[in-house]
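Q: Structure in structure tokens, see below.
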């Protein structure tokens, strides 16, 4: 077993020699105690401790939640430092741990991080801390413990998914995230929260069943049979099978597309966001949507490269339609929060477009370099969207708390009363529309540049999505913050509080950091992106 931080390269393509793997253990004990496992399950351990307390004070619970998420972020940051500056730099998995879990069917507790999963792991820890700080003053005190416990549970589940290197382990975390978010929306949402939570659950759970079916097909095609992602990437069990590979990709793709979400399986998203509490929407958009996009990069592309190439144009078309549809429908929304929800369809469409273009790209050096740029941009977009849209949903919660409605037409001239609120919202909106100097621009620029050579027509069709997104965000800023003053009846417009500033401003600061010094993120992503491109194009 390698020491924490030691690099374990990806498996060789089919036909190549297998590369060294960690020795499996007969029991889970050692694997649970690695630094990565501790970072994943520490929030869950705190949640269990909170449940064991008898009648804890709400304020103590909330600050325990903040402290737990802050400490977990420190643990994840230490993993980042060890990966970048330690022995795990470059391609391959660091902090890898592998133990038998259900050996009769080849299921293992296999975890590790690379340049794709580590940025998402860090973004997840940052966003959960932001939501914990935001919620210090925004949660009903009589159910504070249940609320904090659910978010701590969701944090462990989300971190676990991004480090999973076994398909069944990935599936377990994937499904548990659905349960946790359903409880958050149904228990603390507003409007038609029960209906929206049920719609979210049914859509995403049905998608997860399709995902499981695809995993079983991959398992049955492997020899020896296994659910281990690294071993499956080495075997390429469905290579050259034609229809079988296409059906497996269809099952996996549908399951991941529902969670991403892309058109036409996106309809659960707007009501779920609109009726969820602000912190729930931030986690749903910032973290849970990335599970689908991450699954494309981690599972669909390296495990089904032949099918990905065969059906790449279908994926590209889905991406372009999602970009344009999400932007146009967002432009028509009268409510701020629902508008932001539809922009998520638009932004995730960019990711699907970039990943689809990899399947169309050629295998020469120039094409591989462009494809690497597209994958890198897609990963940066996942991180950027998590930071910026997470901030926008927290800001929508501020708007609703002050005015009691998301309707943009009910507000006007709010900037004069809440200058900090106006300034922070403007920065988040400008980042989401792709203004240079913020992370959104870096992500979209890489996706379009990397995809243009392979799918120029698709890129040309998707480019207007940027203009439409700019129009809808500028219109929203003008309606709410500028012009003649107008407020909903009973509104109490006060500026951002210290907890609100402390939760939202760091998200925007990270977006600025990525926008101004993108190498801090891009440098760690590129080697892993190259490995994905090599798996698809060779």
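Q: How many residues, within segment 227-244, are touching a helix residue (DSSP H, G or I) at 6+ places or on another chain (Cβ under 9 Å) and in a helix (DSSP H, G or I)?
A: Total meeting the criteria: 5.
Q: Given the conditions (1) touching a residue at least 40 places away in the same chain (Cβ under 8 Å); (2) closer than 30 Å to residue 473 by Cβ; (3) not in a loop (DSSP other than H, G, I, E, B), which single one is not true for residue 263?
A: (3)
Q: Based on this model, can you work out whether residue 168 counts as touching a residue at least 24 places away in the same chain (Cβ under 8 Å) and either crowded, with 21+ Cβ neighbours inside 10 Å or in contact with a strand residue (DSSP E or B) (Cβ under 7 Å, 6 or more places away or on another chain) (or both)? If you could, list the steps in order and put the result at the bottom.
A: Working: touching a residue at least 24 places away in the same chain (Cβ under 8 Å): yes; either crowded, with 21+ Cβ neighbours inside 10 Å or in contact with a strand residue (DSSP E or B) (Cβ under 7 Å, 6 or more places away or on another chain) (or both): yes.
So residue 168 fits the description; yes.
Q: Moving on. Out of the residues in segment 493-524 that are assigned to a loop (DSSP other than H, G, I, E, B) and in contact (Cβ under 8 Å) with a residue 40 or more places away in the chain, state the one that is farthest from residue 401 (Cα to Cα). Can you show your working first?
A: Step one: list which residues in segment 493-524 are assigned to a loop (DSSP other than H, G, I, E, B), which gives 493-497, 517-518.
Checking which are in contact (Cβ under 8 Å) with a residue 40 or more places away in the chain leaves us with 493-497, 518.
Numbers: 493: 9, 494: 10, 495: 11, 496: 11, 497: 12, 518: 35 Å.
Looking at residues that are assigned to a loop (DSSP other than H, G, I, E, B) and in contact (Cβ under 8 Å) with a residue 40 or more places away in the chain, I get 518.
Q: Being free of Cβ contacts under 8 Å to residues at least 40 places away in the same chain, assigned to a helix (DSSP H, G or I) and more than 30 Å from residue 398 (Cβ to Cβ): is that true of residue 247 here? Step through it out loud before you land on a result.
A: Details: free of Cβ contacts under 8 Å to residues at least 40 places away in the same chain: yes; assigned to a helix (DSSP H, G or I): yes; more than 30 Å from residue 398 (Cβ to Cβ): yes.
Taking the combined requirement at face value, the residue satisfies it.
Q: If you don't mind, another one. For residue 526, are the conditions met, namely being buried (at least 22 other Cβ atoms within 10 Å of the Cβ), closer than 30 Å to residue 312 by Cα and touching a helix residue (DSSP H, G or I) at 6+ places or on another chain (Cβ under 8 Å)? It would help to see each step written out before you state the result.
A: On the way: buried (at least 22 other Cβ atoms within 10 Å of the Cβ): no; closer than 30 Å to residue 312 by Cα: yes; touching a helix residue (DSSP H, G or I) at 6+ places or on another chain (Cβ under 8 Å): yes.
No; evaluated as a whole, the condition is false for this residue.
Q: Separate question: Working carefully through the options 47, 31, 17, find the one that is crowded, with 17+ Cβ neighbours inside 10 Å, outside the structural domain of residue 538 (by TED's automatic domain parsing) and either over 30 Å from residue 115 (Cβ atoms) or modelled with pLDDT under 95 (or both).
A: 31
Q: In addition: Taking segment 203-221 on its own, how many of its residues are surrounded by fewer than 22 Cβ atoms within 10 Å (Cβ to Cβ) and in contact (Cβ under 8 Å) with a residue 60 or more places away in the chain?
A: So the count comes out to 2.
Q: Right, something else. Return the only residue of 75, 152, 120 being surrounded by fewer than 22 Cβ atoms within 10 Å (Cβ to Cβ), in contact with a helix residue (DSSP H, G or I) (Cβ under 7 Å, 6 or more places away or on another chain), in a helix (DSSP H, G or I) and not assigned by TED's automatic domain parsing to the domain that holds residue 404.
A: Numbers: 152 fails: surrounded by fewer than 22 Cβ atoms within 10 Å (Cβ to Cβ); 120 fails: surrounded by fewer than 22 Cβ atoms within 10 Å (Cβ to Cβ).
None of the other options fit; the residue is 75.
Q: Determine, yes or no, whether residue 224 is in a loop (DSSP other than H, G, I, E, B), at negative phi and out of contact with any helix residue (DSSP H, G or I) (no Cβ under 6 Å at 6 or more places or on another chain). Working first, answer last.
A: Working: in a loop (DSSP other than H, G, I, E, B): yes; at negative phi: yes; out of contact with any helix residue (DSSP H, G or I) (no Cβ under 6 Å at 6 or more places or on another chain): yes.
So residue 224 fits the description; yes.
The values are calculated or read from the model by the stated rules, or taken from the named source; none is laboratory data. Predicted model, so just to flag it, every value in this text is computed and none were measured. Glycine gets a Cβ as well: all are built from the backbone with ideal geometry, and neighbour counts include every protein chain shown.
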